[in-house]
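Contents: one structure, followed by commentary.
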Amino acid sequence: MDASIGVLMACPMSLYLEQELDKRFRLFRFWAQPSRQEFLKTHAESIRAVVGNATAGADAELIDALPKLEIVSSFSVGLDKIDLNKCKEKGIRVTNTPDVLTEDVADLAIGLMLAVLRRICECDKHVRKGLWKMGDFQLTTKFSGKRVGIIGLGRIGLAVAKRAEAFDCPISYYSRSEKPSTNYKYHSSVVDLASNCDILVVACALTPETHHIVNREVINALGPKGVLINIGRGPHVDEPELVSALVEGRLGGAGLDVFEKEPEVPEQLFGLDNVVLLPHVGSGTVETRNAMADLVIGNLEAHFLNKPLLTPVV
Ligand code: NAP
């Protein structure tokens, strides 16, 4: 590899990826720059690639500031932090990390369902705080057989469905089009889906159309016994509406891996025992993060060696 090729990493994401990029390219760490403006003035001309993730990618401003940018390689499957239209317009290639993280995210969705319904985190606290000696834990809610509704039957949505089926859960879904390849029940609106399931899982891509796809109407349709699981992106859910529904008991519970303004989490949720809050760790295993890093490196190498990209988006 030509070690003079400038690669800009948008934020810290994987030490392994950082080390491997450092071996092959001239790596710039954007977050470590005292002044981004000064940094861009000095180095913009030498940067030919940006590596981003679910936290920071390449918005229009950054793309415009990098005249030699050829490729944005994202350490994520979601593309919501990249201005795809701008990339298309300027002929900048875009890659992501599909498939390698699907199992982890789907596993975590099932974990959240079990944790919320069976109160696993609360049970753990009960034991640690010595409360068991004072009495048994309250009864919880059965998971097996609950009706699972999925927004976005893509790679992750399908993997969640497959896992939930093993718990005898009837599956239904909403997406822009019915999938003839499955027997799962299709609902043509999210409200309809929410009215007909016990657990609603958000697994679609974040786009302007899916921003706040889970709103007050959907939350009310899911109802006081319903559970929301969000392993998509925070802005899929109208968070103030979610918080008030949980506080007022209009929603039964929630398992959330993602939030609207990460790492900020509404403090009203901290006191609720029917929610499980995770710090965006859907793909956060050593195995998967390394596989994602290999894919980012593979895509960059392919691009700069004029070979076909491994996982092209644009
Ligand atoms: P995917 O295979 O592309 O699936 C995305 C799904 O979103 C598709 O089934 C698509 O269905 C649906 N969709 C797109 N626009 C929609 C709309 N307007 N209304 C309803 N559904 C819509 O992607 P994936 O690999 O499953 O990943 C899905 C998302 O999970 C990613 O975009 C990312 O944001 C999130 N994710 C989160 C984590 C985490 O750590 N929590 C990790 C990885 C990924 P149709 O085309 O049929 O509408």
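The values are calculated or read from the model by the stated rules, or taken from the named source; none is laboratory data. Just so we're clear, the structure is a prediction, and the values are computed from it rather than from any experiment. Using ideal geometry, Cβ is built from the backbone for each residue, glycine included, and neighbour counts are taken over all protein chains shown.
Some values worked out for this structure:
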| read-out | value |
| --- | --- |
| Selection within the stretch 247-295 - touching a residue at least 24 places away in the same chain (Cβ under 8 Å) and small (Gly, Ala, Ser) | 249, 252, 253, 254, 255, 282, 283, 284, 291, 293 |
| Selection count where residues are in contact (Cβ under 8 Å) with a residue 12 or more places away in the chain and away from the ligand (no atom under 11 Å from the Cβ), scope the stretch 76-102 | 11 |
| Residues satisfying the stated conditions in the stretch 176-208, i.e. within 11 Å of the ligand (Cβ to nearest atom), out of contact with any helix residue (DSSP H, G or I) (no Cβ under 7 Å at 6 or more places or on another chain) and assigned to a strand (DSSP E or B) | 186 |
| Check on residue 56, within 16 Å of the ligand (Cβ to nearest atom), surrounded by fewer than 24 Cβ atoms within 10 Å (Cβ to Cβ), in contact (Cβ under 8 Å) with a residue 12 or more places away in the chain and in the same structural domain as residue 36 (by TED's automatic domain parsing) | yes |
| Cβ pairs under 7 Å, 6+ apart, first in the stretch 148-164 and part of a strand (DSSP E or B), second among the aromatic types (Phe, Trp, Tyr) | 149/173; 150/173; 151/174 |
| Condition check for residue 114: more than 10 Å from the ligand (Cβ to nearest atom), without any contact (Cβ under 8 Å) to a residue 40 or more places away in the chain, within 22 Å of residue 234 (Cα to Cα) and among the hydrophobic types (A, V, I, L, M, F, W, C) | yes |
| Enumeration of residues in the stretch 142-175 that are within 16 Å of the ligand (Cβ to nearest atom) and of a type in the set (A, V, I, L, M, F, W, C) | 148, 150, 151, 153, 156, 158, 159, 160, 161, 164, 171 |
| Whichever residue in the stretch 264-298 is of a type in the set (S, T, N, Q) and assigned to a helix (DSSP H, G or I) and, among such residues, is farthest from residue 101 (Cα to Cα) | 268 |
